[in-house]
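This report refers to the structure that appears directly beneath it.
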Amino acid sequence: MSTSNPRILVAAGIAALVVLVGGGVFAYSRYKALPDPVTQPVLFNHKIHMDEKLGLTCDSCHKGVNEGPHATIPAVATCIKLCHTDPQGTSPEEPKLREAAAKGNAIPWIQVNKLPGHVYFSHVQHVKFAKMDCKECHGEMKDRTEPVSQTQTSRLDMDTCIDCHQEKGVSTDCLRCHK
Amino acid sequence: MNPTRRDVLKTVVAAVGAAALGAGEALAAEPAKKKRKWGMTIDLDRCTACQACVVACKSENNVPCAGPDQMPLDRGIYWMDMLAIHEGSHPEGRSQYLPTPCNHCENPPCVKVCPVGATFQSEEGIVGQIWARCIGCRYCTTACPYSRRYFNWSDPVWPEEMKNHLNPDVATRPKGVVEKCTFCHQRIRAVQEKAKVEGRELEDGDFRKLPACAQTCPAEAIMFGDMNDPDSTVSELGRSPRAFRLLEDLGTRPKVVFLREAKWKE
């Protein structure tokens, strides 16, 4: 039997194609876990809110950064009570806030900066104890006029965490960051 | 070019300076606190074998229900199991029950055989398992003399009512990886972080009933704590003449200590 049997070659070719396409689809599905860019229910504008006149800081709204693992986003009721009882601007996004509040609904924000389910990250450790600026991980949020999109989050991988932890002498025990 | 005398001198000065600085820093730092070493005591004279711990563990740690197709194959998963040993038959029959979490051995045979470093001993003595790293070879399940490791033979399933009640602090495990008891390390981490935010030191009372099994035990048979702290409840109970560990002669040095007045027949 000759070794250059065309059927074997064709089979090998098909197998190679399957592996290539399959691998490509797998890799694509991993990196495209969320549609890009994410469309938030309300297009929140950070820049307007960080205007000096308002005197807001990041932790005025993301209160959790000084308390626990999650940064948290204020409830609609809080936005209404503290500021948005009456229209504050002309943006078509703003009325959506009062609509949601009137119905008693929470705004279903889509979390963009999101680690895989098996990872534990804590804001309080980095913001309060390590005294890190939000922009070291999130970039210049105060200049953003539109919501963040998926692509910016790729920096928060395990190498980034471990490199800094090693540099600062913080624990790199698997159980510190995994669950 | 040969180094000049000046260069050599500079190096020496720099080295001495660095050494002095190092010593200074070491002095300034607090006396190194002894690392914690988590351990558990289970008082069999208190245990009524009610299995509340088994249920609590399942719900805290998102342990799936194996279901009718997997159970007959003995593929149920129990991070905390209730082993029953029956001797003799009615009317002289005698049953003994033994709640069995992972022993978190100080010399764990499972860790030695993992080819990919998915299982390891944490700084505080917990035998952890990072399922994202696990390749499902099951060497560890075979190596464990206590059979405290479980392989996921199928994707996890929960009854409809439980799907929205999964614990967000514990990741769910997919088909093909090994899982095990972690001494509820998510609770330890949370209480440590909370104490740090509140700026207080943790005491024995913060840990005594920290894991779900200990918290739930109505007979207070299960106690948890720091075995490196000689005054902790677990250390005290560990010194009791009633204390024994499972398969002690294997040299695995379990950190789960059982207590029992009568001699335990293994």
Need the list of aspartates and glutamates near B:Lys263 for cross-linking: C-alpha distance under 12 angstrom, and skip anything on the same chain fewer than eight residues off. B:Asp45
If R0 = 35 Å, then A:Ile162 and B:Trp153, at their Cβ-Cβ distance, give a FRET efficiency to the nearest 0.05 of 0.60
Other residues with Cβ under 12 Å from the Cβ of A:Asn45 give, with Lys and Arg +1 and Asp and Glu -1, a net charge of -2
Counting protein heavy atoms only and a 1.4 angstrom probe, how many square angstrom of accessible surface do chains B and A bury in total, to the nearest 100? 1700 Å²
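Rounded to the nearest 0.05, what FRET efficiency do B:Asp231 and A:Val38 give with R0 = 41 Å and r taken as the Cβ-Cβ distance? Could you check?
Details: r = 52 Å, r/R0 = 1.27.
E(calc), rounded to 0.05, equals 0.20.
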What is the spin-label model distance, in nm, from B:Ser95 to B:Ala195 if the labels are put 7 Å beyond Cα along the C-beta direction? 3.9 nm
Separation in nanometres of the label points that stand 7 Å from Cα toward Cβ, at A:Asn66 and A:Leu115: 2.3 nm
Chain B: most fluctuating residue of B:Glu193, B:Glu106, B:Glu160 per GNM, C-alpha cutoff 10 Å: B:Glu160
Under a point spin-label approximation (7 Å from Cα along Cα-to-Cβ), what is the B:Arg242-A:Lys96 distance to one decimal in nm? 6.3 nm
Pairs over 32 Å Cα to Cα, from A:Lys135/B:Lys255; A:Lys114/B:Lys180; A:Lys131/A:Lys179; A:Lys96/A:Lys131; B:Lys112/B:Lys175; B:Lys112/B:Lys163, come to A:Lys135/B:Lys255; A:Lys96/A:Lys131; B:Lys112/B:Lys163
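The values are calculated or read from the model by the stated rules, or taken from the named source; none is laboratory data. All of these numbers come straight from a predicted model, not from anything done at the bench. Backbone-built Cβ (ideal geometry, glycine too); neighbour counts: all protein chains shown. Just the protein is used for accessible areas: all its heavy atoms, side chains included, with ligands, DNA and RNA removed. Shrake-Rupley method; radii C 1.70, N 1.55, O 1.52, S 1.80 Å.
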